[in-house]
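Inspection log for the structure reproduced underneath, given as structure tokens.
The values are calculated or read from the model by the stated rules, or taken from the named source; none is laboratory data. Owing to the predicted nature of the structure, the values given are computational and were not obtained by experimental measurement. Positions of Cβ are generated from backbone atoms using ideal geometry, with glycine treated the same way; all protein chains shown enter the neighbour counts. Just so you know, the surface numbers come from the protein's heavy atoms only, side chains and all, with ligands and any DNA or RNA stripped out. Shrake-Rupley method; radii C 1.70, N 1.55, O 1.52, S 1.80 Å.
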Amino acid sequence: HPCQIMADVLTIIERKGRFEGLKVVYVGDGNNMVHSWLRLATRMSFEFVCVCPPGYEPDAATVAMAQAAGKSQISVSHEPLTAIQGADVVYTDVWASMGQKDTLDVRVKEFQGFQ
């Protein structure tokens with residue numbers, strides 16, 4: 001999903017006038033979209049927060065790689081109302097991606113409070 005992320009960054013620049021230095025908060029499953037944001041965080045300087053229910057965190061190695069790059073401030077949170085404070089951009093995704101539709105009932109329950 002790197003092309004989607006780059007298109008989203010261009011939209012953010014169009015709306016906000018800049019990208020670097022902004023706080024982007026992703027609310028949802030720590031999936032491939034989050035991993036693309038984390039990879040971007042190794043190249044551009046911004047604050048990125050992934051806020052998700054416990055058990056839905058992004059890959060720990062990908063988070064560690066982004067943090068080790070030292071370019072951006074990276075965090076994972078389980079508190080949506082706290083995480084979005086001061087956000088310049090709030091970004092969301094579906095709760096059940098392709099191949100996960102059979103878990104939708106469980107995900108709807110576990111993502112309560114993340115709307």
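Computed on the Cα trace of the stretch 1-98, the radius of gyration divided by the Kirkwood hydrodynamic radius gives Rg/Rh = 0.93. Backbone geometry of the stretch 61-74 corresponds, through the Karplus equation with coefficients 6.51, -1.76 and 1.60 at θ = phi - 60°, to 3J(HN,Hα) couplings of 5, 5, 4, 4, 4, 5, 5, 5, 5, x, 8, 10, 8, 10 Hz, x marking Gly and Pro. On the chain, 54 percent of the accessible area sits on carbon and sulfur atoms, based on a 1.4 Å probe.
Let's test the formula: R0 of 25 Å, r as the Cβ-Cβ distance of Ala61 and Val94. What FRET efficiency results, to the nearest 0.05?
So, using R0 = 25 Å, E works out to roughly 0.55.
Average accessible surface for the chain: 56 Å² per residue, computed with a 1.4 Å probe over protein heavy atoms with every protein chain in place.
Per-residue ellipticity at 222 nm computed for the chain from its helices equals -11000 deg cm²/dmol, with DSSP H segments shorter than 4 residues left out and the rest contributing -39,500 (n - 2.57).
Within straight-line reach of Lys23, meaning a Cα separation under 19 Å, sit the following lysines at least 8 residues removed in sequence or on another chain: Lys71. Using a cutoff of 8 angstrom between alpha carbon atoms and counting only pairs six or more residues apart, the relative contact order for the stretch 2-111 works out to 29 percent.
Cross-link partners for Lys109 among the lysines, with Cα-Cα distance under 25 Å and sequence neighbours closer than 8 places in the same chain left out: Lys101.
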